[in-house]
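To start, the structure itself, in structure tokens.
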Amino acid sequence: MRRALPTLCRALRPLLLGAAMGLMLGAPAPAQSHLCDTAAELAARETGVPLPVLLGLTRVETGRSRDGAMEPWPWTLNMGGDGAWHDSEATALAAADLAIAAGRRNVDLGCFQINYHWHGAAFTSLAEMLEPVANARYAARFLTELHASLGDWTEAAGAFHSRNPAQANRYLARYREVMAALPNRVDAPPLAAATRGPSPLPMQARPPLFGPGPPGLLRPARPVRAAPARPLWEP
């Protein structure tokens, strides 16, 4: 047994080193693809927003096809049309911080692509804004406000993107496709109103999330581990 242990350790050493290097380089963990759905389920229970609405929105905003299924990705950024899926929270946060430090404001972050210009003041930091649960909770509360105004969850989903009817309708065309392809999920039951979070910022029109950014501002270099993203709802 004593002689076998050094041999076993030598055999395991490459595997352990590979795992450590993966962590150091920010290699994507497969489980991260479920963070947006888990956050959506929590936000649905807290706010009463129908779970399929949140599951559909996060896929329209950040979804990509993996192993034949459409999955949302939490570390997604879009800067005035320059979109990227980042391999890790750290690289996404660094890219967002760099862009905002350079003067850019049309930056969308996280599972629900919350726009920094319109909604950043509701968060204590960029890290909180990117964090899946905080991102989903804010999206759900914002949708609640939109639903109270419009009276329909589909219309609220369109307004979540833009209050401009033409832009909302283009977005909703893709949203309906995604919703039709969702697996059968049971709506999350709402919790008592006392457990719900505070109302978000006053409702206002959002700029086109994937439109051109403000002119004259610096564009940060794309991180080397970022993969280009294209809005799924655009032709």
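Read-outs throughout are calculated quantities, based only on the coordinates presented, and are distinct from any laboratory measurement. The model shown is predicted, which means the values in this text are computed figures rather than measured ones. Cβ placement follows ideal geometry from the backbone for every residue including glycine, while neighbour counts extend to all protein chains displayed.
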TODO: Could you line up SER65, SER162 from fewest to most neighbouring Cβ atoms inside 10 Å?
DONE: SER65, SER162
Open item on the list: Let me understand the range 29-202 better: what is its radius of gyration from the alpha carbons, and its Dmax, in angstrom?
Closed with: 15.1, 43
Open item on the list: How would MET79, MET179, MET70 line up from fewest to most surrounding beta-carbon atoms within 10 angstrom?
Closed with: MET70, MET179, MET79
